[in-house]
1. Evaluate the Debye formula for the stretch 137-264 with equal point scatterers sitting on the alpha carbons, no solvent, and hand back log10 of I(q)/I(0) at q = 0.16, 0.19, 0.20 Å⁻¹, in q order, two decimals.
2. Which loop-located GluC sites (Glu not before Pro) does the stretch 67-173 contain, where loop means any DSSP state but H, G, I, E or B and the Cβ has at most 11 other Cβ atoms within 10 Å?
3. Can you sort Asp99, Asp29, Asp210, Asp156 by 1.4 Å-probe accessible area, starting with the largest?
4. Please calculate the 1.4 Å probe accessible area of Lys208, with all protein chains present, and give it to the nearest 10 Å².
5. To one decimal place, what Kirkwood hydrodynamic radius in Å is obtained for the stretch 21-112 from all pairs of distinct Cα atoms?
6. So if I restrict to the alpha-carbon atoms in the stretch 225-311, what is the Rg, and what is Dmax, the biggest pairwise distance, in Å?
7. For Rg and Dmax of the Cα atoms in Å, the choices are (i) 22.2, 73; (ii) 20.1, 66; (iii) 18.0, 52; which was calculated from the structure?
8. Mind checking which aspartates and glutamates have their Cα closer than 15 Å to the Cα of Lys318? Skip sequence neighbours fewer than 8 apart in that chain.
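The values are calculated or read from the model by the stated rules, or taken from the named source; none is laboratory data. Please read these numbers as outputs of a predicted model, since none were measured by experiment. Every residue, glycine among them, receives a Cβ derived from its backbone with ideal geometry; neighbour counts consider all protein chains shown. What goes into the accessible areas is simple: the full protein's heavy atoms, side chains included, and nothing from ligands, DNA or RNA. Shrake-Rupley method; radii C 1.70, N 1.55, O 1.52, S 1.80 Å.
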Amino acid sequence: MVYRKLISLCVFLLIACNGFAQVTYPDIDLPADTPRLFAQGILTDGLSNRDFTISPQGDEIFFTLQQPRFITSTILHIQKKNGKWGKPEVAPFSGRYRDLEASFSPDGQTIYFSSDRPLNENDSVAKKDFDIWRVKRGKSGDWTQPENLGLQVNSDKSEYYPSVAKNNNLYFTVEADYGKGSEDIVVCKPTATGYTKPESLPEDVNTKYDEFNAFIDPDEQFIIFSCYGRADDLGHGDLYISHKDKSGKWLPVKHLPAPINSTALDYCPYVTTDKKYLIFTSNRVNTQLNNGQTKTYQQLRALLNSPGNGWDDIYWVKFNEAW
């Protein structure tokens with residue numbers, strides 16, 4: 001008995017020393033090298049579900065439910081209590097305006113997200129562009145009122161997909177006049193009073209094409225993002241990765257291999273804290289829909305109300321640090 005307790009204590013200390021909680025997901029079928037739908041029937045259910053973030057403790061997941069043509073966009077969350085995952089609910093800070101792309105800070109105490117909500121909460125008219133906002137976890141564990149990150153970060157253009165490193169460097173997508181393309185990935189660094197002005201990441205990460213939706217490794221050793229228009233793009237936007245060299249310079253990007261990338265739009269990357277899994281969004285289509293075979297109305301109805309119907313779905317795959 002004493003031996004077993006010592007073994008359990010060693011395992012706990014090993015996890016703690018590595019900074020990783022023992023995470024279980026609302027999907028017991030872990031992925032291999034081929035992407036598969038994530039938490040089918042819970043987070044992936046035939047509606048337009050996209051982007052993903054999970055708390056470092058592994059007990060709360062946020063994702064976005066959208067209506068086609070971006071008519072509505074609502075951040076949802078599911079919580080794990082007593083070891084069991086619950087059902088999706090509207091996040092306490094979402095539901096009134098178009099909100100999307102929630103992202104946990106590495107310490108789990110702040111969530112960053114994009115929204116078109118007005119700067120003044122008493123104003124009922126949404127903004128014409130999207131800003132980066134954040135909510136902080138209060139002493140009771142509840143989320144506080146959303147806070148706009150201000151004019152150093154936000155502009156009269158749209159800012160999307162925040163991702164934060166351990167040193168609080170904030171990466172996001174912006175439709176910037178100073179950018180290298182119509183959309184660029186930029187970084188703002190923290191200061192005593194807020195943030196520095198956005199800096200566009202260097203050539204090769206940013207190009208004349210559209211680079212967007214970047215996930216930054218908390219230690220800033222790699223970045224994964226989407227791009228539409230490069231010569232090796234398989235379809236409507238693919239995932240790419242860039243690593244840093246020993247001097248801190250971003251290396252030339254690599255195109256993630258098929259079948260991670262597809263002829264559809266593949267975007268919204270997220271790598272789990274333990275670097276075991278890549279979770280991403282794709283609107284790839286179930287091959288049964290266009291296999292050349294006649295279908296009954298019931299068969300069509302079932303396919304069109306299921307994942308793979310051409311709307312956004314959430315996938316996951318084993319992450320390979322050698323990419």
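1. Log10 I(q)/I(0), no solvent term: -0.82, -1.08, -1.16.
2. Values: sites: Glu89, Glu101, Glu121, Glu147, Glu159; in loops: Glu121.
For GluC sites (Glu not before Pro) across the stretch 67-173 that sit outside H, G, I, E and B with at most 11 neighbouring Cβ atoms in 10 Å, the list reads Glu121.
3. Details: Asp99 0, Asp29 85, Asp210 45, Asp156 130 Å².
Most to least solvent-accessible, the answer reads Asp156, Asp29, Asp210, Asp99.
4. For Lys208, the solvent-accessible surface is approximately 150 Å².
5. 13.9
6. So, for the stretch 225-311, Rg and Dmax equal 16.9, 60 Å respectively.
7. (ii)
8. Asp27, Asp29, Asp33, Asp274
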